1. With a cut-off of 14 Å, note down the residues of segment 52-87 whose backbone N falls inside the zone around a label point 7 Å from the Cα of residue 159 toward its beta carbon.
2. Strictly over 25 Å apart at the Cα level, which of 34/142; 34/118; 56/142 would you flag in this model?
3. Would you mind computing, in nm to one decimal, how far apart the modelled labels at residue 141 and residue 99 are, each placed 7 Å from Cα along Cα→Cβ?
4. Straight-line reach from residue 51: which aspartates and glutamates fall under 20 Å, measuring Cα to Cα and dropping same-chain residues less than 8 apart?
5. What is the magnitude of the charge dipole of segment 106-161 about its Cα centre, with +1 placed on the Cβ of each Lys and Arg, -1 on the Cβ of each Asp and Glu, and no other charges, expressed in debye to the nearest 20?
6. I need the shape label for segment 119-163. Rule: rounded when a/c is under 1.5, else prolate if a/b > b/c, else oblate, with a, b, c from the alpha carbon gyration tensor.
Amino acid sequence: MKTILLATLLLAVLPAHAQETPDTPVVTKGMSAKFAALPDLPDCVSLAVLKGDPGKGPSVVEMKFTPGCIVPWHWHTPSESAVPLSGLLEISMKGEKPVLLTNGDYGYLPSKHIHQAKCTGSKPCAAIFFLDAPIDIHYVDKSGAEIPVAQALAEAEKLMAKPVAKPAPKPAAKP
């Protein structure tokens, strides 16, 4: 059901590249990409389709995240490859230490592997994601059990609303 809902929303909100075939060259200029928010993602995320149709098959999308944005624990049917363009994107995979990705780094997220993403630091994040199948999203709780979208997004909003601890002031220089 979530696959159908997300695919339908993608088709309605984001333009697909109509004449595209696997052997058709595609060039998308950053300024012409049409970004949109999607109901199954936090409000702090917007997405633009660069190639393909995420609702029907493999695709390439660009996602933008506001500073502090959290996409809570979830998994997808497609495998994802992520290449950050700007900001500090923290990817946490279940059972692994969080990894900070920055401009030019590469991250691979296997199919159905539970993960979350967070835009850390004070600057917005942007990244290109390569998806090998139609996109879906399945949010989970700490135990890995699937939870409703509304519950996952509400919990993420609470985390994002918490004030970030400021680092301790630097000691004064000695005379």
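All of the numbers you see were taken from the coordinates with simple rules; none came from a lab. Owing to the predicted nature of the structure, the values given are computational and were not obtained by experimental measurement. Reconstructed Cβ throughout: ideal geometry from the backbone, glycine too, with neighbour counts over all protein chains shown.
1. 68-75
2. Values: 34/142 34 Å; 34/118 22 Å; 56/142 30 Å.
Where the Cα-Cα span goes over 25 Å, the pairs concerned are 34/142; 56/142.
3. Here the modelled spin labels are 3.0 nm apart.
4. 20, 23, 62, 80, 132, 136
5. Values: 5 positive and 6 negative charges, 52 e Å.
Once rounded to the nearest 20, the dipole reads 260 debye.
6. Working: a/c = 2.56, a/b = 1.03, b/c = 2.49.
Since a/c reaches 1.5 but b/c is at least a/b, the shape of segment 119-163 is classed as oblate.
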